[in-house]
Amino acid sequence: MKYELLVFDMDGTILDTLVDLKNCMNHTLRLHHMPERTLDEIRSFVGNGIRRLIEQAVVSGTSIETLDAIHRDYMDYYKIHCADETKPYDGIIDAIRQLRSLGYKTAVVSNKAHPAVLELCDQYFPGLFDIAIGERPEVARKPAPDMVYLALNHFEVSKEKAVYIGDSDVDVATAKNSGLDMIAVDWGFRSRECLIEQGATTIISKPEEIMKYV
């Protein structure tokens, strides 16, 4: 075993959440009489947490007070509708099960709100992750390394014995900032070309390929 711990991003890596993110965002925009966003626009906005998604989706020049109200309305709606259309990517559950059967420890580190990360892990990946860490006020979100370090400390695993698995430019930067090797996946929210431009060197197209690099 080259690594002991596999740290997975969530959105775009293990779960296809894009349609629910779009639907929840557009519902909230309609509440505030703002134009809706397309799936491709939402795809380009995600990766840096809900607040940043909202800031990019709203009309330019929106006040802080309105942003705060939209954030509250979004979270209220998202709590109920975060998994209406969400589904695991084909093959990812089997791949994680196989990796765990071989003795690998597994973690999720996501910029999604922490309660949603826990809920989605319980719903779609019961028993498949030893720890799940989402965005919360006291911990800097990715690409800062803080959440990754929480996972490393939980297992008492060194950077050299962990690998980060993600789908976006934010994930490439997170791995670099954390000092971890990275496996980039091209089935998520960013193209292979984007990943290469951001510096990814190991890129896979199917979950079963993870085994080749760990």
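The values are calculated or read from the model by the stated rules, or taken from the named source; none is laboratory data. Keep in mind it's a predicted model, so treat the numbers as computed, not measured. FYI the Cβ positions are ideal-geometry reconstructions off the backbone, even for glycines, and counts take in every protein chain you see.
For segment 191-214, which positions are within 25 Å of Arg97 (Cα to Cα), outside any helix (DSSP H, G or I) and out of contact with any Leu (no Cβ under 7 Å at 6 or more places or on another chain)? Can you show your working first?
Filtering segment 191-214 for residues within 25 Å of Arg97 (Cα to Cα) gives 202-214.
After this cut, where a residue has to be outside any helix (DSSP H, G or I) as well, the list is 202-206, 214.
Hits for segment 191-214 are Thr202, Ile204, Ser205, Lys206.
Which count do you get for residues in segment 179-190 that are outside any loop (DSSP other than H, G, I, E, B) and over 12 Å from Asp9 (Cβ atoms)? Before you say what the answer is, go through the steps one by one.
Within segment 179-190, the first condition is being outside any loop (DSSP other than H, G, I, E, B), and the residues that meet it are 181-185.
In the following step, the residues that additionally are over 12 Å from Asp9 (Cβ atoms) were identified as 181.
Final tally of qualifying residues: 1.
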Query raised in the report: Can you tell me which residues in segment 23-49 are under 16 Å from Ser63 (Cα atoms) and free of Cβ contacts under 8 Å to residues at least 24 places away in the same chain?
Result: His33
Query raised in the report: Any idea which of (1) crowded, with 16+ Cβ neighbours inside 10 Å; (2) within 20 Å of Asp167 (Cα to Cα); (3) at pLDDT below 95 is the one Ala132 doesn't satisfy?
Result: (3)
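For segment 145-175, how many residues are outside any helix (DSSP H, G or I) and either in contact with a Pro (Cβ under 9 Å, 6 or more places away or on another chain) or farther than 29 Å from Ser191 by Cβ (or both)?
Of segment 145-175, the ones outside any helix (DSSP H, G or I) are 145, 156-158, 162-168.
Pick out the ones that are also either in contact with a Pro (Cβ under 9 Å, 6 or more places away or on another chain) or farther than 29 Å from Ser191 by Cβ (or both) and you get 156-158.
Number satisfying all stated conditions: 3.
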Query raised in the report: Would a scan of segment 50-58 turn up a residue that is in the same structural domain as Leu150 (by TED's automatic domain parsing), of a type in the set (D, E, K, R) and at pLDDT 95 or above?
Result: no
Query raised in the report: From the set of residues in segment 170-192 that are polar (S, T, N, Q) and crowded, with 19+ Cβ neighbours inside 10 Å, which is nearest to Pro143 (Cα to Cα)?
Result: Thr174
Report task. Please give the number of the condition Thr106 fails out of (1) within 25 Å of Asp130 (Cα to Cα); (2) surrounded by fewer than 19 Cβ atoms within 10 Å (Cβ to Cβ). Result -> (2)
Requested in this report: Those residues that are surrounded by 15 or more Cβ atoms within 10 Å (Cβ to Cβ), polar (S, T, N, Q) and modelled with pLDDT under 95, I need them from segment 25-49; list them, please.
Outcome: Asn48
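For (1) among the β-branched types (Val, Ile, Thr); (2) within 25 Å of Glu85 (Cα to Cα), each residue gets a yes or a no:
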position	(1), (2)
Arg100	no, no
Gly127	no, yes
Ile133	yes, yes
Phe155	no, no
Ala184	no, yes
Cys194	no, no
Thr201	yes, no
Ile204	yes, yes
Tyr213	no, no
Query raised in the report: Is it the case that Thr62 is among the polar types (S, T, N, Q), crowded, with 17+ Cβ neighbours inside 10 Å and in contact with an Asp or Glu (Cβ under 9 Å, 6 or more places away or on another chain)?
Result: no
